[in-house]
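Please treat every number below as a calculation from the coordinates, not as lab data. Note that this is a predicted model, so its numbers are computed, not measured. Positions of Cβ are generated from backbone atoms using ideal geometry, with glycine treated the same way; all protein chains shown enter the neighbour counts.
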Amino acid sequence: MKDGMFVFDAAVHTQDFTDRQIREPRDARPVRVLREQVKGFTELTARKGPPAFPGFGEPVDLDWANKVLFEESDTDVAMACSVPLYAHWKAGLGPAELSYELAASNPSRIYFTGGVDPSWQGLDFALEEMERQVHEWGAVSFKFYQYQDRDHNWRADDREIAYPLWEKAQELGIKMVQFHKGFPLGRQPVEGFRPNDIQLAALDFPDLNFGVHHLGDPYVDELISIASRFDNVYLVLPLWFNQYFLQPWPMLHRLGQTLLMCGDTRVCYGSEAFIWPHVQTYIDALATMEMPEELQDRYGYPELTRETKERIFGINFADGLGIDVAAKKRELGLTGDA
């Protein structure tokens, strides 16, 4: 816990960026370009913030990952997120199996978000895999990467492709599905990651929560508008924290817009570990962060109160997933009020 605040990291990953994962005989250049772009961004961020993962590209060591999260930081629980990008990577950019192994290494503290893709794998297979990942691997959520390539992409409001996924999620007891929006992890068209398709899905499935990562950058204004109108849309902040160390004022402006228009009950902390493994740096940053008076005066943004930070740190994401924070704190022997 951080100063008595429950910390739930909504986005930790174990990727495999190595050449052995590159899908052949597809052109490997987009993969290597992406790898260098991500590595370059981590190194750029590391100049002003926490250092990047020294073994960039390799799957994380499980003992090391648990040490980083639960010994070297105030993280209480975390979500191991799969990234089902299969167009360039054999097992996905963030393989579901590696995410499961990370969660299984510390099941009381690490939850597992599964990953499937109905356009790449086929809808029937994706539905079966959702069942398997819940029943065999204990998935509590699923994350989707909706644009593989020009022949394999889909929308969250597609009644034939997407709605069976949302129906299956509810049948399996899943409370939240999650999406990579904005920031293409490759050379796909950025328009393929606009968040607009979340609207009708959220409308038609009011009892299912829709978690959207990265504030949909560069479609931040659109996503804030959507979340302001649909109370089952959650905004998950990984990458925002990483960008904060490079551009603090623009990122505070984004956060202020989000809190002003959507309130503080659906904004969620995520570190994007382990590309950036010094997780405590992000926790300390949020714990001490203040909304500049200039931004409050000029734009009407709210203060970053302790209550708001407590919600962002962990309560919101847990609520969206249907996890009882008080019960989890008792299980882990943590003190302080939820």
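Placing dummy labels 7 Å off each Cα toward the beta-carbon, the span from Glu72 to Arg229 is 4.4 nm.
Cβ-Cβ distance of Lys90 and Asp284, R₀ of 51 Å, FRET efficiency by 1/(1 + (r/R0)^6): the value works out to about 0.85. Couplings for the range 150-163, taken from phi via the Karplus curve 6.51 cos²θ - 1.76 cosθ + 1.60 with θ = phi - 60°, read 5, 9, 9, 7, 7, 10, 5, 9, 6, 5, 8, 9, 8, 4 Hz in order; Gly and Pro are left as x. Peptides 318-325, 79-86 ranked from most to least packed, by the mean per-residue count of other Cβ atoms within 10 Å: 79-86, 318-325. Sorted ascending by nearby beta carbons within 10 Å, beginning with the fewest, Thr18, Thr258, Thr308, Thr75 become Thr18, Thr308, Thr258, Thr75. Say R0 is 22 Å: what FRET efficiency, to the nearest 0.05, do Phe183 and Glu160 get from their beta-carbon distance? About 0.20, to the nearest 0.05.
In this structure the amide hydrogen of Ala11, modeled in the peptide plane, comes within under 5 Å of the amide hydrogens of Met79, Ser271, Glu272, none closer than 5 places in sequence on its chain. Here the relative contact order of the range 104-173, from alpha carbon pairs under 8 Å that lie six or more residues apart, stands at 33 percent. Here the Karplus relation 6.51 cos²θ - 1.76 cosθ + 1.60, evaluated at θ = phi - 60°, turns the backbone of the range 95-112 into coupling constants of x, 4, 5, 5, 5, 4, 4, 5, 5, 5, 6, 7, x, 6, 10, 10, 8, 10 Hz, with x for every Gly and Pro.
Each semi-axis of the equivalent ellipsoid for the range 180-338 is √(5λ) with λ an eigenvalue of the Cα gyration tensor; in descending order they amount to 23, 20, 17 Å.
Using only Cα coordinates, the Kirkwood hydrodynamic radius of the range 119-182 works out to 12.2 Å. Would you work out if the chain is rounded, prolate or oblate? Take a ≥ b ≥ c from the square roots of the eigenvalues of the alpha-carbon gyration tensor; rounded if a/c is under 1.5, else prolate when a/b is larger than b/c, oblate otherwise. Because its axes are fairly even, with a/c under 1.5, the chain counts as rounded. Computed from phi, the 3J(HN,Hα) profile of the range 209-214 under the Karplus parametrisation 6.51, -1.76, 1.60 (θ = phi - 60°) reads 8, 10, x, 10, 8, 6 Hz, with x in place of Gly and Pro. Mind checking which lysines have their C-alpha under 24 Å from Lys143, skipping anything on the same chain fewer than 8 residues away? By straight Cα distance, Lys143 reaches Lys39, Lys90, Lys168, Lys175, Lys181, Lys328.
Put simply, the amide H of Trp89, placed in the peptide plane, has neighbours under 5 Å in Arg23, leaving out anything fewer than 5 places away on its chain. Amide H to amide H, with H built 1.01 Å from N, Met176 comes under 5 Å of Asn209, counting only residues 5 or more places away or on other chains.
Taking a point 7 Å from the Cα of Trp137 along the Cα-to-Cβ direction, none of the residues of the range 191-215 has its backbone N closer than 16 Å to it.
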